[in-house]
Amino acid sequence: MKAKQVFFSVLLFGTAGLLLFMYLQAWVEEHHAGRIEKKREQKGVSVTTGKIQKQSANQNSEVHIPEDLKKKGGNLLNLERPTRVLRKSSHSQRENRAPGSATETYQGAKIRVFQKPILMYWPLATQPLNKSSVQGNKWKKAEATQEKRRSFLREFCKKYGGVNDPKANIFHIVSRIYVEDKHKILYCEVPKAGCSNWKRILMVLNGLASSAYNISHDTVHYGKHLKTLDSFDLKGVHMRLNTYTKAVFVRDPMERLVSAFRDKFEHPNSYYHPVFGKAIIKKYRPNATAKALNNGSGVKFKEFAYYLLDAQRPVGMDIHWERVSKLCYPCLIDYDFVGKFETLEEDANYFLQLIGAPKELKFPNFKDRHSSDERTSAHVVRQYLKDLSAAERQLIYNFYHLDYLMFNYTTPHL
């Protein structure tokens, strides 16, 4: 072969090889760019979905009741319809998996993936009280009172069912409910309505203490000995709501409010003074001293009232003065027993009879803290309300309006 032919052959094959290489490089770059774009699109959808879910979960469940609520009838919400339940990401290991769930591995960790929504039907069924453990006729009056209270609350919720949001997160709804599995009790905690002594009773029933009188305040509230219903998975929550005896104890809203103020702001407190006190004084006390602004002590009841009624509170709400309608959701959870602080000892001991508690177990009647202080009564409340104008007193009543109506408390003379 001549040298000229060899040269052209090499040149031809070289050119073909170069063109093939350029084609393959272009194809690889295009394919890689397509994969990146697809990932970006998927990520964008995921982020958008996450934002939507977050916004949905954080929607304000505040329901505004018309001023003529007591005059107009009609259900504000169809509670018989099923609702999609927002789920908790972590669950108790002792509980079975919720229906429709699967476990997947992501970056070495096992996560729970819910494949389909689980429906909750509101309101849940009421369990008839088991009166087989009640002996004698001494509880006839308490029994009749209980029937009236349950009937009144049920009729109120039937007529004005929209006072609670059925789309609220189920785990938030049950977060204040304490569980005692041995006697199958669910107790919704309402602070300043005997909750400390009720927790002592639950600890005794659970075998965690031999006497309610030997349990300190800190052990009751900070010992974490009792489980709340939101610590269980969805199946466990639903089972207990439908089979356990559900109890709530309430108190006149004004008395409860004043009791909370006296407890948290009239005595040294390492949490409420710096967190709530400083913010309240800063916003509602003109010309506050540097000392008051620094330690948050000495909040006046009028300043506390301003904070409570302010739509733009400088610090959020607290369970000690939050409305029972937002703590225990009594129109979503049909409570089997409705006790009142005003008849606490009688109601509590009747309830203990109903659930078959040991005969020697009686509800303690001692004051949990500040035992030397006069108990907050209607007389004490009037002394505090004197500091407020008639309009301010009316606004506080309006704030607790639902609690007054739900539990049939007498409207105070404002």
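Considering only alpha-carbon pairs that sit under 8 angstrom and 6 or more positions apart, the relative contact order computed for region 178-286 is 33 percent. In the structure displayed, which of K302/K340; K199/K362; K264/K340; K184/K227; K148/K224 lie more than 24 Å apart, Cα to Cα? Beyond 24 Å: K302/K340; K148/K224. Of the accessible area of region 355-414, computed with a 1.4 Å probe over protein heavy atoms only, carbon and sulfur atoms account for 52 percent.
Annotation for region 345-414: chymotrypsin sites (Phe, Trp or Tyr not before Pro) lying in DSSP loop with at most 11 further Cβ atoms inside 10 Å of their Cβ are F366.
Between A378 and K140, what length comes free when the chain is fully extended (0.36 nm per residue of separation minus the Cα-Cα distance, one decimal in nm)? Can you show the working numbers first?
Values: separation 238, 0.36 × 238 = 85.68 nm, distance 2.77 nm.
Stretched fully, the A378-K140 segment lengthens by 82.9 nm.
The values are calculated or read from the model by the stated rules, or taken from the named source; none is laboratory data. Bear in mind that the values here come from a model prediction, so they are computed numbers and not experimental data. Cβ sites come from the backbone with ideal geometry, for glycine too, and all protein chains shown count toward neighbours. In case anyone asks, the SASA skips ligands and DNA or RNA and just uses the protein heavy atoms, side chains included. Shrake-Rupley method; radii C 1.70, N 1.55, O 1.52, S 1.80 Å.
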